[in-house]
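Let me begin by presenting the structure, written as structure tokens, before commenting on it.
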Amino acid sequence: MKNILIVEDNLELAKELKTLLERNNYSADYLTSFENIVEQLVEKAPDMVLLDINLPGADGESVLKQYRAVSDTPVIMVTSRNTDMDELLSMSFGADDFIGKPYNPSILLLHIEAVFKRIGTSDSDDIMRYKDIVLEPSRGVITVNGQSVELTKNEMGILSYLFRAQGKIVSRDELISYLWDSDEFVDDNTLTVNINRVRRKLEECGYNDIIKTKRGQGYILE
Amino acid sequence: MKLTTYLWNKKISIAGTFFLVICIYMMGFVFKADLQYQHALVFLILLCGFVSLCFDYFRRKLFYDEMLGILSQLEEKYLIVEMIDKPGFPDGDIILDILYESNKAMKERINSLELSVTEFKEYLEMWIHEVKVPLSSLDLMNYNESTDLKGQKKQIDKLKQYVEQILFYARADAPEKDYLMKRCNLNKLVNNVVKEQKDLILGNKISIVKDELDIDVISDSKWLEFIIGQIVNNSIKYIIVKMREDKTVKGSISFGVNKTDEMVILSIKDNGIGINERDLQRVFDKSFTGENGRRTTASTGMGLYICKKLCDKLGHIIEVRSNEGEFTEIKISFGKDKYYEFR
């Protein structure tokens, strides 16, 4: 499990962030004192740092600069100072990403995942399995007993969401919302069409009716 | 004005006069002129010099003493030019003209600053009232221990938007350092905006139609994202009004790009209630809400005004086209930067 360290002087916000991250399969911790931040960072040796720019007694940018001198750990700047200039400055000091407050939690999670993916240490290893079905989002294919079928981006999104929620009912709203977060602005009808296509493709692989419709509730993988 | 200062100032003319006197005596000596005649000549010259000096001195003294006197009595010193008559000697006239012009320029500058300060105050006051609405809803929800998370999210989104808006309002007036022109991908910006307002769009079953938007323009990404966000938010607002009046309507917002030789034009079109012809030219005016503003409660008339201001700063052209009851289309034109294109 990836360990993320939160450097944020508003402790309530830091606590909530910790909860959010823990709910999403990261282990998280936050700093409570803001003296010798860099030393604390080095000591805790996290897999990623979420760093606020406005800190008591220190400037996030200079903390970043010092930290970069001793470590390559990915750093995401999380801040309410969100002009392009701040972003440029942070990036030039070696931040891996930059998110302005107030941020959308799911977008923050996507950014974190993207950074891990980019540096190649993502342990939410792309490949997902269910029964004999192997799902590879990065290649856009599912494979069953050596037989591969290609999926479109929407279909892949739907299926991977269902895979991840194995055994739980997924509502249509949830699916649409998830697809929107990954830049696919589908509407109700498109979702129906896409679900049917996924079903047909799964049938090709010999899995009839694996996606069950729960009337008035959504879909479930069975 | 002190006499000594004045005389010191006139030292060259005085020295000149004495030089002239010496010359007369020397020439008189050389040409063996009558001494009486020389004395008379010198006396005349000195008399003329003295009289003109006195006249000049008292004219100036009168003028400047009056000016200083008025100045010391005046509460608002800058009004001095209004109280003084032209002295009638050239340098005084010139100084007075200069004072008058510079005063005028300063007054204009102060006026425009005053205007923007009152504008800001008015906006701030209105903004505070606006912001209190979602705050009190949340307060109530909290009090009632509401579990309606979606409802709370809606209010929080509203708060977020108001905060964004006032930030950009302040920025629109701030010095240029706040923005950074660089390549921005329109597709990415539009995606961000749509995602940001996801709940509102999905909650009202509005569909998003996107043409191929994968084009870079030169702009400040944060500012442009805000501008597009405001436009989309307006679209949503007026689609909701239309849907409330006619249940069969299905709301949609479409994004498109038009490329010409010199321009990239982003168009954002909705099938909301549209804007009537009378109001159309004034939608970018400050605090203008028009007829549509009266049909929805959440209209402050600031969104498009700020957009226009930001666009002006960034050098983009923002235009609106509409048919009442059918559609509203906002177009933002970006100049193509030859330098960037070339690379």
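Just checking: which of the helices (runs of 4 or more DSSP H) contained wholly in the stretch B:105-210 hold 1 or more residues that are among the charged types (D, E, K, R) and away from every other protein chain (no Cβ under 14 Å)?
B:149-173
Select, from B:D56, B:D97, the only residue that is under 30 Å from B:G16 (Cα atoms) and assigned to a helix (DSSP H, G or I).
B:D56
Identify all residues within the stretch A:67-97 that are surrounded by fewer than 17 Cβ atoms within 10 Å (Cβ to Cβ) and either in contact with a helix residue (DSSP H, G or I) (Cβ under 7 Å, 6 or more places away or on another chain) or within 14 Å of chain B (Cβ to nearest Cβ) (or both); write none if there are none.
A:V70, A:S71, A:S80, A:M85, A:L88, A:M91, A:S92, A:G94
Of the residues B:K158, B:K154, B:K132, B:K121, only one is under 26 Å from the mean Cα position of the chain (by Cα) and outside the structural domain of B:F58 (by TED's automatic domain parsing); which?
B:K121
Can you give me the ranges of the helices (runs of 4 or more DSSP H) entirely in the stretch B:253-342 with at least 2 residues that are modelled with pLDDT of 90 or more?
Answer list for the stretch B:253-342: B:303-314.
Could you tell me which of the residues A:A28, A:A45, A:A58 is touching a residue at least 12 places away in the same chain (Cβ under 8 Å) and crowded, with 20+ Cβ neighbours inside 10 Å?
None of the others qualify; the one that does is A:A28.
For the stretch A:164-220, enumerate the residues that are under 27 Å from B:G251 (Cβ atoms), away from every other protein chain (no Cβ under 14 Å) and not in a helix (DSSP H, G or I).
Those that are under 27 Å from B:G251 (Cβ atoms), away from every other protein chain (no Cβ under 14 Å) and not in a helix (DSSP H, G or I): A:V170, A:T213, A:R215, A:G216, A:Q217, A:G218, A:Y219.
Return the pair list, or none, for Cβ contacts closer than 6 Å from residues in the stretch B:154-171 that are more than 22 Å from B:K309 (Cα to Cα) to residues that are among the small types (G, A, S), at least 6 apart or on different chains.
Note: pairs meeting the criteria are B:Q155/B:S137.
So which residues in the stretch A:167-197 are over 16 Å from A:G216 (Cα atoms), among the hydrophobic types (A, V, I, L, M, F, W, C) and under 21 Å from the mean Cα position of the chain (by Cα), if there are any at all?
A:L179, A:W180, A:F185, A:V186
A:I158 passes all but one of (1) of a type in the set (V, I, T); (2) within 20 Å of the chain's Cα centre (by Cα); (3) within 14 Å of chain B (Cβ to nearest Cβ); which number fails?
(3) is the only condition that A:I158 fails.
All but one of (1) among the polar types (S, T, N, Q); (2) assigned to a loop (DSSP other than H, G, I, E, B); (3) within 12 Å of another protein chain (Cβ to nearest Cβ) hold for B:T248, so report the exception by its number.
Every listed condition holds for B:T248 apart from (3).
Name the single residue that is farthest from the other protein chains (Cβ to nearest Cβ) among those in the stretch A:98-117 being without any contact (Cβ under 8 Å) to a residue 60 or more places away in the chain and over 9 Å from the mean Cα position of the chain (by Cα).
Per the criteria, the residue is A:K117.
Can you name every residue in the stretch B:254-294 that is among the polar types (S, T, N, Q) and buried (at least 17 other Cβ atoms within 10 Å of the Cβ)?
The answer is B:S254, B:S267, B:N271, B:T289, B:N292.
This table checks each residue for (1) without any contact (Cβ under 8 Å) to a residue 60 or more places away in the chain; (2) under 13 Å from B:Y238 (Cα atoms); (3) touching a Cys at 6+ places or on another chain (Cβ under 8 Å).
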{"residue": "B:L280", "(1), (2), (3)": "yes, no, no"}
{"residue": "B:F284", "(1), (2), (3)": "yes, no, yes"}
{"residue": "B:L310", "(1), (2), (3)": "no, no, no"}
{"residue": "B:L314", "(1), (2), (3)": "no, no, no"}
{"residue": "B:E324", "(1), (2), (3)": "yes, yes, no"}
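The values are calculated or read from the model by the stated rules, or taken from the named source; none is laboratory data. Fair warning: this is a prediction, and the values are worked out from it, not measured in the lab. Cβ sites come from the backbone with ideal geometry, for glycine too, and all protein chains shown count toward neighbours.
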